[in-house]
Each structure stands twice: as structure tokens, then as C-alpha cells.
Amino acid sequence: MKKSIFIGIAFSFSSIAFAQKPITPTDFGESINPKDLYRHLSVLASDDYQGRETGQKGQKAAAIYIANEFENLKLSPAGNDRFFQTFELVKKTLAARKFIVNQQVFNFGDDFFCSKNISNINFQSNEIVFAGYGIVDKKRNDFKDYYVEGKVVVILAGEPKNKKGLYLLSNSKEKSEWSNKNKKIAAIQKLKPKAILVVDADYAKFAKTYKHQMETPSMQLAENQKKEPEIESKEKPLYACPVITINDSVATALIAPNNKNIAKLRKKYSKLRSIDPFLLKSTLAANINFIEESFNSENVIGYIPGTERPDEYVYITAHYDHIGVIDNEVYNGADDDGSGTVGVIEIAEAFALARAKGQGPRRSIVFMTVAGEEKGLLGSQFYTSNPTFPMNNAVCDLNIDMIGRVDDAHKKDSNYIYVIGSDKISSDLHEINEKMNNAYTHLNLDYTFNSPSDPNRFYYRSDHYNFAKYNIPIIFYFNGVHEDYHKATDEISKINFPMLSNRTKLVFYTAWEIANRAEPLKRDKKNDFENNR
Ligand SMILES: [Zn+2]
């Protein structure tokens, strides 16, 4: 350690003014180095940790490793069980998926799909009503006065067109509002049917995506699952029956077992005056069931109390979970987000060193590694709704997710980092990050993904977003996606450690300045990402 620090401290004790304390962050920032980062990552991104899948052994082992590091650095625990903040998750896995029409069995995905946000579907019915396009409008009412409560309703997707290709309801090339599937479904839900089957001519276009979505087990926070909608609204009616999309083969079996071509039926219904709905002579048995399991996961949280403003909290976050083992291959997630996790540990060490030398941060710094990120930012969502420290007292969140690699756009000049969100809530935060980079790390700060119109929508895709929702200033540090993103090849051998080290330092210096400056971060911007959700 350089001698000048001790002179600096002696000087600062004699001066009362808050802003005059000399700050020498490099003495601590330089403790962040490739060797230490490698040491931590070679553990966390090794096969022993089984890809750190949320709720699995590997994730829990990683949590213990991080907590031990925090303990060694003498951080104060900020979880509910020492450094651990435990939360309950529910995992939903698709089990039964049967659809039988008149004894003919149809296959999930190939022939029918539904959205994942459903409860179990189990029914058998021979009260199945075909109601044309299912439009409920003054110009055209496909239900007439037909009573469909408790019955299965089959409708055609979209809206009818005439021979000239004009939409019947608008009599033009413009679609009417009845092309909006949600609007149509909401109108039919009011009639309280048992289920709605939508025959989609474009079935194949969406089926693959939905099949994959349904077959991938999902997780959510148990506390969110318990929340039932209490108030009826246009978007969320209290009564909502299952909606299942079916292809032409299922529709033919249901509606026209003797009619080879469902296209004929579509044509027949392309007249403005609707045809009366009618009861089909078919029976349908549907079983689409999920198995739900609940289990616990952990965020790991430690902090260094501020020396002068302990009630103001600067967060430094990264997710330590990854996607586990798939088809016997371990997905080690060295970059995603092993790199951010070891970054947080190293930044914690730098601040711990500073404190040991009497240069503890003036504001509190919270070091938080979260789980459940890969399942939908769940760990950070749980923290922000069950915070250890009041959210009103959060100064900012500096979130690190993937900073150990170089993306295709920067193959020629790897000295860069994408900075996302820095200017959206606080102009101070943006300026500090730039100032610290100019002074210490000299990276090219790339703002490509900082636009609300960017199609990648990275701003919404990591844990800082849960902080931004509370209008807390955030920065998301990110190296961009690369060929090994979410692949088993995201390995430590491909990490650029000098780059990881320098980027980690930028986060440290930025945190240092925010924690030690006299003024709070002003929140002077209207977040333009908020209008774009
Ligand atoms: Zn990630």
C-alpha cells in the first residue's frame, strides 16, 4: 500500500469538510486483478458446480462459496440466514397433454397448443358449438342469441375477407379490431364457455415456439403465484376459460368429419351476414396438466456499512445462477454470469481493503449475487419486494451480467464495454461512470443497446431492471452476446481475464465515487425505457 494514503487520512481527520477528504481509489482498485478473478471463476465455473441451476445442488454450493468469501472479507451479513436470503419458488412442468376428438388422438405441438399461463385443463364434452369467426359486433354477431355458457366454443382465427381480399367488417384492406385475438377472446369469455378452441390457418407458424415454451419447465416466485386477481378489469376478467389453438386437422375432425376441407368452411363464412352457430356431433376429451413442485433458492448478500451515511445503499449485483445440466452436458456459464459474480467478489475485496485502511465508504455498499435470473430475474425480484434495506434508501444498482468476453462487433478492438441505462434516471450517474472511465480504465463505452427502440431489449433482461422499476438509477455492464451464449461452450478457457479485470475496475471506481461523493445522485431524468415496455 502506498504511503500517501496514510498522510491523506491524517489530513482528513484534521479537516471537518465532507468533500475535502482525499480519495485514492487506485490503491484499492488495483487489488482487482486477472489472477484473483481466475481463482474464483475456476471454482464457480467448474463442472463440480453443475452449471449452478437455480434450486439445484450446484447453485447451493456456489452460494456457500460466495458466502465464505464474503465472510472472509468481513462483510456484514444482509440476508435472513446470515448471508443467505432464502426464497421459495414453484416449478411448473408439463405432464399430461392429451386431446381426443371422437376417439382420434391428436398430438400436443403438432396439432394443438395453448399458452403456458394456464391451470390444468381436464374436461370431456359433447356440447361443442361452432360459431364461425366468433365475432361479437353490431355489424356481425356470430353467436346470435346462442347460449354457450358451459359449452366448448370453436371459432376461426382472424376475420373474414371477401373475394377481392377486403376485410368484411371494415370493407377495406385495413383489419378491424376483431383481428386482434385478445379482443375477440375477451368478448367470448363474457359468454362463459367451458373452453375456446381457435382454428388457426397459420398454425404451423406459431406452434413450434409455443411447444418449446410449454415443454420448458418454468419457475416463478411462490409469493407471486399466491396473488390471485381480485378486481375484474377489461384485460383481466375474473372468469377465464382455457383457450387452445388447434390446426386444420383437429378442426376437420371436430367440425366436419365428412368434409375433407376446412378451407371450404372458411370461404362459406366470408359473408357479412353471419350463419347461425350450431352444435357439433363430436365429443372432445382434453387433458393438459402440469406438475408443480416448490423448493428454495438463495440470494447471497453482504454489505459494508457506510461511515457517514450508512442509511444510503449503493448496490453492486450479479447473478450467480446459470442453466445447469442439459442432456448430460454441463453448462458452466463462465461468462454468464460467472464473470459478474467473481467481479462482485473482487469489488467487495477492494472495498474491504479500503475499510481496513480506514477508507471505508461513506455510504453503505451492498454486494448482492442473486439466483433465479435465468428463470426470469426471480432472485432480484424477490429482493426488491422483500428488501433487507428500504428501497427508498437505495442509491443505485450497478449490475454486471457477462463482462468476460468479446462479441463479434468488437473483434478488432476488444477494449470496450456496453453501458446500458446509465443516463435514464440520473444524469449524475452517467457522468460519474464516464468520468471514472476517463480517469482510470479507458474503455470504449459502447451505448449501442441504450436505445429504447433497440430490438434486443437488453435493458429489460437482467437484474438491474427490478431496481429501475423503483426509479432507482442503474447501470447494466455487458459484453454483448457471442457464439457461446447459453451454450455448453461458455467455458473459462474463453474468458479474456485482462478485459474482465479492467471492466470490473470500472464498476469499482464508479461505485467508489458514488459512495464517497458529497452530493446524492440526482434523479433528474424521465426514463424513456419505461414507455416502451
Ligand atoms: Zn446472465
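General observations
- Near pairs, Cβ below 8 angstrom, 6+ apart or cross-chain, from segment 72-87 (touching a residue at least 60 places away in the same chain (Cβ under 8 Å) and at positive phi) to any residue that is buried (at least 18 other Cβ atoms within 10 Å of the Cβ) and not basic (Lys, Arg): LYS74/ALA352
- Within segment 198-228, if we keep just the residues that are in contact with an Asp or Glu (Cβ under 9 Å, 6 or more places away or on another chain) and in a helix (DSSP H, G or I), the residue that is farthest from GLU293 (Cα to Cα) turns out to be TYR203.
- Here SER282 meets the list (1) crowded, with 19+ Cβ neighbours inside 10 Å; (2) outside any loop (DSSP other than H, G, I, E, B); (3) more than 16 Å from the ligand (Cβ to nearest atom); (4) small (Gly, Ala, Ser) almost entirely, failing just condition (2).
- Checked against (1) touching a residue at least 60 places away in the same chain (Cβ under 8 Å); (2) within 16 Å of the ligand (Cβ to nearest atom), ILE420 passes all but condition (1).
- Of the residues ILE345, ILE326, the single one that is away from the ligand (no atom under 12 Å from the Cβ) and buried (at least 24 other Cβ atoms within 10 Å of the Cβ) is ILE345.
- Matching option when the condition is of a type in the set (Val, Ile, Thr) and within 16 Å of the ligand (Cβ to nearest atom), among ILE365, ILE403: ILE403
- Segment 479-506 residues that are at positive phi, paired with ones that are surrounded by fewer than 24 Cβ atoms within 10 Å (Cβ to Cβ) (beta carbon under 7 Å, 6 or more apart): GLY480/ASP407; GLY480/ALA409; GLY480/TYR418; HIS486/ILE323
- Considering (1) more than 13 Å from the ligand (Cβ to nearest atom); (2) modelled with pLDDT of 95 or more; (3) closer than 27 Å to PHE449 by Cβ; (4) not hydrophobic (A, V, I, L, M, F, W, C), the lone condition that THR388 does not fulfil carries the number (3).
- Residue check, VAL148 out of contact with any helix residue (DSSP H, G or I) (no Cβ under 7 Å at 6 or more places or on another chain) and not in a strand (DSSP E or B): yes
- Restricting attention to segment 461-496, the residues being among the hydrophobic types (A, V, I, L, M, F, W, C), more than 30 Å from LEU429 (Cα to Cα) and surrounded by 18 or more Cβ atoms within 10 Å (Cβ to Cβ) number 1.
- Applying the set (1) surrounded by fewer than 17 Cβ atoms within 10 Å (Cβ to Cβ); (2) over 34 Å from the mean Cα position of the chain (by Cα); (3) of a type outside the set (Val, Ile, Thr) to LYS175 leaves exactly one unmet item: (2).
The values are calculated or read from the model by the stated rules, or taken from the named source; none is laboratory data. Being a predicted model, the structure only gives us computed values, none of them experimental. Cβ atoms come from the backbone with ideal geometry, glycine included; neighbour counts cover every protein chain shown.
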